[in-house]
Amino acid sequence: MGRTGLTAPPAEDRLAEPADLPDRSGLAEAAFRAELRAFLREHHPGPTPSERSVRLAFLRAWQATLTELGWVAPGWPRRWGGMGLPAALQAIYHREMALGRAPVPPTNAVGIVGPAVLRDGTDAQRERYLRPMLRADELWCQGFSEPEAGSDLAALRTRAVLDGEARDGVYRVTGRKIWSTNAPVAHRMLLLARTGTPESRSRGITCLVVDMSAPGVRVRPLRDMTGATVFAEVSLDDVVVPAADRIGAHDGGWRCARVTLGHERSTSLTAAALRYQRVVGDLVDLARRRGATGDPAVRQELARAVTGARLLELNGARVLGRVLGGRDPGPVSSVNRLQHAEFEQWLHELAVRLLGADGLLDAADPRLGTDGRWVRGFLRTRGSTIGAGTSEMQRNTIAEKVLGLPTDREES
């Protein structure tokens, strides 16, 4: 099974080039905020549809609008279609998008895959991949986790054998990936494969771009607790990948993995933390509508939610500052990831308690109306402490790399 038949929104006859778009990087903070708010008032597409296929087309169209009008990828260089904003304006961008309830991107490619291509790709690869990625003309997924190598990523077994020269040859890839988010709709996969010996661990991994429609690629959607099929298992049977589609050096894929995971735990989580400022406001509104705010215990929990969201934002800003300064997010990003995962689980548990008996209803039950989002979020966040590295792995990283405690595992 390949990707679905959904098509990207059509591009204009002539796409706006970065040089054609306004350069907002030098604006004063107040002027930038005012311009962004005016853009959202004029172009906001409305609430995001809940039905999966309609939702995806809606989000892709919104992403294309952002790209064509120059309001996408605030941290990317302008040369490659981003806004090239300084840190202060990036923070305003994410906050205003969150408070304005702007739809989120259809995949996390711009925040996770894009930085790896920008940092380790060639100019030819950037020309080929980045523009369609920004517009969501091409959707991406990651091929990292495997059935027997999830949290221990350096133990992955998917094999890529180089046939020919490292520059002009091809890789033949065989193996399996699992829990690949958005793989059922993706056009391309950023894949990590073993090119060294099994004992080489992180020193023998190569990063490749795989065409999801290539012969030998099979996608099996996996249904989650919410009923959605966002995840998939991907089988690769002697899939041919040109060496020109390698990101970085042969056996140098661990660097690419660190870039993507670092950004997943920093820039994307920082944006999510800012969204949770709004989500907590919605939670307080839920408590009011349910007549629960007269309970001192509930008020205490709501105060904890407000404080937790603020701490998420502050810790995210600390990690984001490292990224924007050109430094590796480092092990502190594991603090951010762990904090975010446990907070969003706890927040949705509180929401379901506020719903009372209604929390037992199906998220789509009409009696819940828009409050079905809390039930859906409760189910979705059960996996928060597993995805992007389990909480146990995050604690190990924090213990060893932040606190300096001894390790009994081989360094990777």
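Quick one: with all protein chains in place, what share of the accessible area of region 357-404 is carbon or sulfur, to the nearest percent (1.4 Å probe)? For region 357-404, the apolar C and S fraction of the accessible surface comes to 58 percent. Accessible surface area normalised per residue over region 340-412 is 54 Å², counting heavy atoms of protein chains with a 1.4 Å rolling probe. Checking Cβ-Cβ separations below 4.7 Å across the chain identifies C141 as cysteines lacking any candidate disulfide partner. The listed peptides 244-257, 290-303, ordered by packing as a protection proxy, come out as 244-257, 290-303 (highest mean of other Cβ atoms within 10 Å first). With the whole protein complex present, R337 retains an accessible surface near 30 Å², based on a 1.4 Å probe.
Here the Gaussian network model covers the chain, with springs between Cα atoms less than 10 Å apart; of D211, D365, D237, D365 fluctuates the most.
Surface analysis of region 18-106 yields an accessible area of 46 Å² per residue, using protein heavy atoms and a 1.4 Å probe. When the chain is treated as a Gaussian network with alpha carbon springs shorter than 10 Å, the biggest mean-square fluctuation among E313, E127, E349 belongs to E127.
Sorting 107-113, 117-123 by average packing, meaning the other beta carbons within 10 Å per residue, from highest down gives 107-113, 117-123. Heavy-atom accessible area for Y276, with the other protein chains in place and a 1.4 Å probe, reaches approximately 20 Å². Using a probe of 1.4 angstrom, how much of the accessible area of region 40-108 is carbon and sulfur, in percent? The computed percentage sits at 58.
For the pair I386 and S25 in one chain, pulling the backbone fully straight at 0.36 nm per residue adds 126.3 nm over the alpha carbon distance.
Taking 0.36 nm per residue of separation and subtracting the current Cα-Cα distance, fully stretching the chain between A399 and D224 would add 59.9 nm.
Every helix of 4 or more DSSP H residues in the chain counts as -39500 (n - 2.57), and over all residues that averages to -13500 deg cm²/dmol at 222 nm. Packing, taken as the mean count of other beta carbons within 10 Å per residue, orders the peptides 190-203, 35-48, 222-235 from highest to lowest as 190-203, 222-235, 35-48.
The values are calculated or read from the model by the stated rules, or taken from the named source; none is laboratory data. This one's a predicted model, so the numbers in the text were calculated from it and none came from an experiment. Using ideal geometry, Cβ is built from the backbone for each residue, glycine included, and neighbour counts are taken over all protein chains shown. The area values use the complete protein model at the heavy-atom level, side chains included, leaving out ligands, DNA and RNA. Shrake-Rupley method; radii C 1.70, N 1.55, O 1.52, S 1.80 Å.
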